[in-house]
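Read-outs throughout are calculated quantities, based only on the coordinates presented, and are distinct from any laboratory measurement. Since the model is a prediction, treat every value here as computed from it, not as a measurement. Counting neighbours? That spans all protein chains shown, and the Cβs are built from the backbone with ideal geometry, glycine included.
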Amino acid sequence: MPRPRKRRLVQFAPRVEYYKPQGVPLAGLKEAVLTVDGLEAMRLADAEGLDQETASQRMGISRPTFSRLVAEARSVVARAMVNGWAIRIEGGPIQMMGPQVSGQGWGRGRRRRRRGNME
């Protein structure tokens, strides 16, 4: 039995679950799945310009794990863009840190809340 995945610390809550090519209905598109932790890795490395050591510490994972995670995420985004696929953002072994956007459902790793429920 494989070892359970360590939860990755995520500080950014995505506001959307899909990105798709303009003018093409979502129902007719293939999709690529980008995990929330993969998006966080790309955000730290590419948008914030952090080195891998610093970014891996912020996510609570090792540097080699961060390197694999960001490479996989970049590959998913590149394949989707080249092929004209939609990108669905969901799941991954994550633990949210900091402010969260209410009403977001990311699939695995996060329980959905009902509106008005403050628990």
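Of note:
- Flag if residue 3 is closer than 21 Å to residue 95 by Cβ and out of contact with any Asp or Glu (no Cβ under 6 Å at 6 or more places or on another chain): yes
Yes or no, residue by residue, for (1) out of contact with any helix residue (DSSP H, G or I) (no Cβ under 6 Å at 6 or more places or on another chain); (2) in a loop (DSSP other than H, G, I, E, B); (3) farther than 14 Å from residue 92 by Cα:
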{"position": "9", "(1), (2), (3)": "no, no, no"}
{"position": "15", "(1), (2), (3)": "yes, yes, yes"}
{"position": "27", "(1), (2), (3)": "yes, no, yes"}
{"position": "40", "(1), (2), (3)": "yes, no, no"}
{"position": "50", "(1), (2), (3)": "no, yes, yes"}
{"position": "53", "(1), (2), (3)": "no, no, yes"}
{"position": "61", "(1), (2), (3)": "yes, yes, no"}
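- Where a residue in the range 69-97 is over 18 Å from residue 18 (Cβ atoms) and its partner, wherever it lies, is small (Gly, Ala, Ser), with Cβ under 7 Å and at least six apart: 69/38; 69/41; 70/41; 70/45; 72/38; 93/109; 94/109; 96/13
- Looking across the range 29-48, the residues that are of a type in the set (Asp, Glu) and surrounded by fewer than 20 Cβ atoms within 10 Å (Cβ to Cβ) come down to 31, 46, 48.
- Any hit, the range 49-61, residues being touching a Gly at 6+ places or on another chain (Cβ under 9 Å), under 13 Å from residue 9 (Cα atoms), among the β-branched types (Val, Ile, Thr) and surrounded by 15 or more Cβ atoms within 10 Å (Cβ to Cβ): no
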